[in-house]
Amino acid sequence: MAETITALSEQLFELLQQETFALLSTIDHETGGPGMNSISWLFAKDEGTVRFAVDQRSRIVANLRQNPLVNLTVIGAGSVHAIYGNARLVTEALDEVPFKLACFDIAITAVRDAMFYGARISVAPEYEKTYDKRAAEKLDTQVFNAMKKA
C-alpha cells in the first residue's frame with residue numbers, strides 16, 4: 001500500500017505561490033452530492049495549508065458551513081494533483097477589498113497524483129480575465145494582499 005502524502009511537494013508549493021486555476025469540490029449543502037467550482041484566488045500558505053477566497057454569496061460558503069471536507073484539483077507541475085482536506089473559515093470578509101470575500105484555509109490531509117498512468121501534463125490550463133485588465137490586476141493585488149494578512 002502506498003504511503004499517504006500529507007503535504008505539498010516543493011514543486012506544487014511553488015506553483016501555488018502565484019495565481020493558479022484550480023477546481024474546488026465540496027459537498028452540496030442541499031443535495032448532499034458533489035459540487036465543483038473553479039477558483040483562482042488561492043495560494044499555499046505553507047506545505048500543509050492552502051488559503052483561498054470566494055464571494056460571501058457563493059454556494060461554496062454555504063456548503064463549507066455544513067461540511068468542511070474539500071478536494072482541490074490543481075493541474076500543473078506536470079500532473080493533476082488532488083489535494084484533500086478540511087476547510088476552516090479564516091474571516092467572513094477580507095479587509096481592504098471592495099466587496100465581501102470569505103477566506104478559508106484548507107488543512108491538507110492527503111495529496112495524490114490523479115493523472116492517469118503513462119501521461120503527464122505538458123501545458124497547464126490558461127485563462128484570461130474578460131473584464132478591464134487594469135481593474136482585474138488591481139483587484140487581484142488587493143485580494144492576495146488581504147489574504148496574506150488574514
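Just to be sure I follow: if Rg is taken over the C-alpha atoms of the stretch 28-87 and Rh is the Kirkwood radius over the same atoms, what is Rg/Rh?
Value, to two decimals: 0.96.
Using only DSSP helix segments of four residues or longer, with each worth -39500 (n - 2.57), what per-residue ellipticity at 222 nm results for the chain after dividing by its residue count and rounding to 500? Write down the numbers at each step before the final one.
Details: 3 runs with 31 residues, N = 150.
Here the helix-only value at 222 nm equals -6000 deg cm²/dmol.
Would you mind putting 115-124, 132-141 in packing order, based on average other-beta-carbon counts within 10 Å, highest first?
Numbers: 115-124: 9.0, 132-141: 11.5.
My ranking of the peptides, most packed first, is 132-141, 115-124.
What's the ranking of 11-22, 45-56 by average number of surrounding C-beta atoms within 10 Å, highest first?
Working: 11-22: 16.2, 45-56: 18.2.
Ranking, from highest mean packing down: 45-56, 11-22.
With r defined as the distance between the Cβ atoms of Gln66 and Ala135 and R0 fixed at 35 Å, what FRET efficiency is calculated, to the nearest 0.05?
Working from the Cβ atoms, E equals 0.55.
In vacuo Debye scattering of the stretch 10-149, one point per C-alpha: log10 I(q)/I(0) at q = 0.16, 0.22 Å⁻¹?
For the requested q values the scattering log ratios are -0.86, -1.48.
Tell me which of Ala119, Ala87, Asn63 sits at the most positive position along the dipole axis of the chain, charges placed on C-beta atoms (Lys, Arg +1; Asp, Glu -1).
Asn63
Taking the Cα centroid of the stretch 37-55 and of the stretch 62-103, what is the distance between the two, rounded to the nearest whole Å?
Taking the Cα centre of the stretch 62-103 as reference, the centre of the stretch 37-55 is 5 Å away.
Can you pull the one-decimal nm distance between simple spin-label points at Ser122 and Glu30, each 7 Å off the Cα toward Cβ?
With each label point 7 Å from Cα toward Cβ, the separation is 4.3 nm.
Charges only on Cβ, +1 for Lys and Arg, -1 for Asp and Glu: so what's the dipole of the chain about the Cα centre, in debye to the nearest 20?
Numbers: 15 positive and 19 negative charges, 56 e Å.
With only Lys, Arg, Asp and Glu charged at Cβ, the dipole is about 260 debye.
Each reported figure results from applying straightforward, stated rules to the coordinates on display, with no laboratory input. Keep in mind that what you see is a predicted model, and the values were worked out from it rather than measured. Glycine gets a Cβ as well: all are built from the backbone with ideal geometry, and neighbour counts include every protein chain shown.
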